[in-house]
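Trainee: I have a structure I would like to understand better, so I am pasting it below and will then ask my questions one at a time.
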Amino acid sequence: MAEESSRRLSGLELLKQGAEARVYRGRFLGRAAVVKERFPKGYRHPVLDEKLTHRRTAQEVRSILRCRRAGISAPVVYFVDYASNCIYLEDIVGSATVRDHIISIQQAERDMEKLYPLAEKIGQVLARMHDEDVIHGDLTTSNMLLRSSAEELNLVLIDFGLSFISALPEDKGVDLYVLEKAFLSTHPNTEKVFASLLKSYSAASKKSSAVIKKLDEVRLRGRKRLMIG
Ligand SMILES: Nc1ncnc2c1ncn2[C@@H]1O[C@H](COP(=O)(O)OP(=O)(O)OP(=O)(O)O)[C@@H](O)[C@H]1O
Ligand SMILES: [Mg+2]
């Protein structure tokens with residue numbers, strides 16, 4: 001991380017080293033923060049790389065702000081440094097990813113009743129996000145956090161680097177298809193749980209019928225591709 005950026009932070013701790021970004025935890029001007037740093041990739045042409053990295057950083061910030069303006073939970077953006085492609089975000093303290101949460105529920109109990117309220121909540125939040133024409137682009141259960149809270153389910157969306165703005169039902173359908181694939185492969189035997197997610201999405205979104213129709217088409221295309229390939 002650039003020297004200047006690291007000076008704004010204290011007590012840096014590497015949370016996650018990914019292929020595209022490093023995520024650190026620390027404090028930013030006294031507040032609990034995470035920093036997402038998109039670093040240069042040696043295998044890409046430097047000019048193209050900088051362009052792509054800049055675009056992802058900008059998209060991430062734009063979509064977070066758009067969600068927050070619409071009342072959809074996403075981390076507060078504290079600061080953006082385009083020189084080092086770093087985003088300084090509110091640390092959702094004490095949160096767990098939806099992925100880890102589901103895994104621990106599946107391990108602890110045999111019946112999965114507890115997963116239904118969560119699935120319904122996810123469906124509602126995604127419906128609102130899509131009604132704002134935000135396409136997440138990388139919906140997985142790792143990119144959703146559950147804020148620790150007494151009884152209320154408090155879902156926070158993160159990781160908007162591949163997001164974009166679109167009103168097209170097709171883009172929304174593909175967004176849900178990506179989640180469906182990730183959800184069912186990460187969490188076995190959750191077909192019914194995912195179905196309830198889609199049901200609550202449909203009930204909550206004003207424009208869901210065209211989206212679900214597209215989702216069905218995309219599924220069919222996926223299956224045909226499997227049969228041919
Ligand atoms: N604002 C935040 N508050 C708390 N934890 C966070 C926050 N942002 C990210 N994390 C943690 O860091 C992980 C990685 O963050 P993020 O998904 O944004 O980066 P990524 O490199 O794109 O990850 P991936 O490759 O899994 O998509 C998250 O799964 C989550 O556990
Ligand atoms: Mg992620």
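The values are calculated or read from the model by the stated rules, or taken from the named source; none is laboratory data. Just so it is clear, the model here is predicted, and its values are computed rather than measured. Cβ: placed from backbone, ideal geometry, glycine included. Neighbour counts: every protein chain shown. Side chains are part of the model used for accessible areas, which takes the heavy atoms of the whole protein and leaves out ligands, DNA and RNA. Shrake-Rupley method; radii C 1.70, N 1.55, O 1.52, S 1.80 Å.
Trainee: With θ set to phi - 60° and the Karplus curve 6.51 cos²θ - 1.76 cosθ + 1.60, what are the ³J(HN,Hα) couplings of region 151-165 in order, to the nearest whole Hz, using x for Gly and Pro?
Mentor: Values per residue, Gly and Pro as x: 10, 5, 8, 10, 9, 10, 8, 9, 6, 9, x, 9, 7, 7, 9 Hz.
Trainee: A further question on this structure: Relative contact order, percent, of the chain when contacts are C-alpha pairs under 8 Å separated by at least 6 residues? Can you show the working numbers first?
Mentor: On the way: 363 pairs, mean separation 40.3, N = 229.
Reported relative contact order: 18 percent.
Trainee: Computed from the mean reciprocal separation of all distinct C-alpha pairs, what Kirkwood hydrodynamic radius does region 95-227 have, in Å? Mind showing how you got there, number by number?
Mentor: Details: mean 1/r = 0.0664 Å⁻¹.
In region 95-227 this quantity evaluates to 15.1 Å.
Trainee: OK, next. Springs between alpha-carbon atoms under 10 Å, Gaussian network over the chain: tell me which of Gln124, Gln106, Gln17 tops the mean-square fluctuations.
Mentor: Per the Cα network of the chain with a 10 Å cutoff, Gln17 tops the list.
Trainee: Region 128-159: which GluC sites (Glu not before Pro) are DSSP loop and have at most 10 other beta-carbon atoms within 10 angstrom? Don't jump to the answer; show the numbers that get you there.
Mentor: Values: sites: Glu132, Glu151, Glu152; in loops: Glu132, Glu151, Glu152.
Listed in order of number, the matching sites are Glu151, Glu152.
Trainee: Next question. Stretch Arg68-Ile103 to full length: gain in nm at 0.36 nm per residue minus the Cα-Cα span? Walk me through the intermediate numbers first.
Mentor: Values: separation 35, 0.36 × 35 = 12.60 nm, distance 2.80 nm.
9.8 nm is the gain from fully extending Arg68 to Ile103.
Trainee: For the chain, what does the convex hull of the Cα positions come to per residue, in cubic angstrom?
Mentor: Values: hull volume 34.2 nm³, N = 229.
Residue-normalised Cα hull volume stands at 149 Å³.
Trainee: Something else about it: Assuming 0.36 nm per residue, please report the length gained on full extension of the stretch Leu48 to Arg223 beyond their Cα-Cα distance. The partial results should precede the final answer.
Mentor: Numbers: separation 175, 0.36 × 175 = 63.00 nm, distance 3.42 nm.
59.6 nm is the gain from fully extending Leu48 to Arg223.
Trainee: Additional query: Per residue, how big is the convex hull of region 1-90 when only Cα atoms are used? Give it in Å³. Write down the numbers at each step before the final one.
Mentor: Working: hull volume 8.4 nm³, N = 90.
Residue-normalised Cα hull volume stands at 94 Å³.
Trainee: Find the accessible area per residue for region 67-188; the probe is 1.4 Å, ligands and nucleic acids are left out, and the unit is Å². Could the numbers behind the result be given before it?
Mentor: Values: 5340 Å² over 122 residues.
In whole numbers, region 67-188 has 44 Å² accessible per residue.
Trainee: Given a cut-off of under 8 Å on Cα pairs at least six residues apart, what relative contact order in percent is computed for region 1-135? Numbers along the way, then the final one.
Mentor: Working: 159 pairs, mean separation 26.3, N = 135.
Here the relative contact order equals 19 percent.
Trainee: At a Förster radius of 22 Å, what calculated FRET efficiency corresponds to the Cβ-Cβ distance of Ala203 and Arg147, to the nearest 0.05? Mind showing how you got there, number by number?
Mentor: Details: r = 24 Å, r/R0 = 1.07.
The calculated FRET efficiency here is 0.40.
Trainee: Where the accessible area of the chain is counted over protein heavy atoms with a 1.4 Å probe, how much of it, in %, is carbon and sulfur? Could the numbers behind the result be given before it?
Mentor: Numbers: 6600 of 12220 Å².
About 54 percent, which is the carbon plus sulfur part of the accessible surface.
Trainee: Further, regarding this structure: Please list the equivalent ellipsoid semi-axes of region 155-229, computed as the square roots of five times the alpha-carbon gyration tensor eigenvalues, in descending order and whole angstrom.
Mentor: Details: eigenvalues 75, 56, 43 Å².
Values for region 155-229, descending: 19, 17, 15 Å.
Trainee: Another question, then. Let me cross-check Arg68: its accessible surface, 1.4 Å probe, with only protein heavy atoms counted, in Å² to the nearest 10?
Mentor: Spelled out: Arg68, probe radius 1.4 Å, area about 100 Å².
Trainee: Moving on to the next point. Take every Cα pair under 8 Å in region 95-227 that's 6+ residues apart, average their separations, divide by the length, and report that relative contact order as a whole percent. Walk me through the numbers before you get to the answer.
Mentor: On the way: 176 pairs, mean separation 42.6, N = 133.
Rounded, it is 32 percent for region 95-227.
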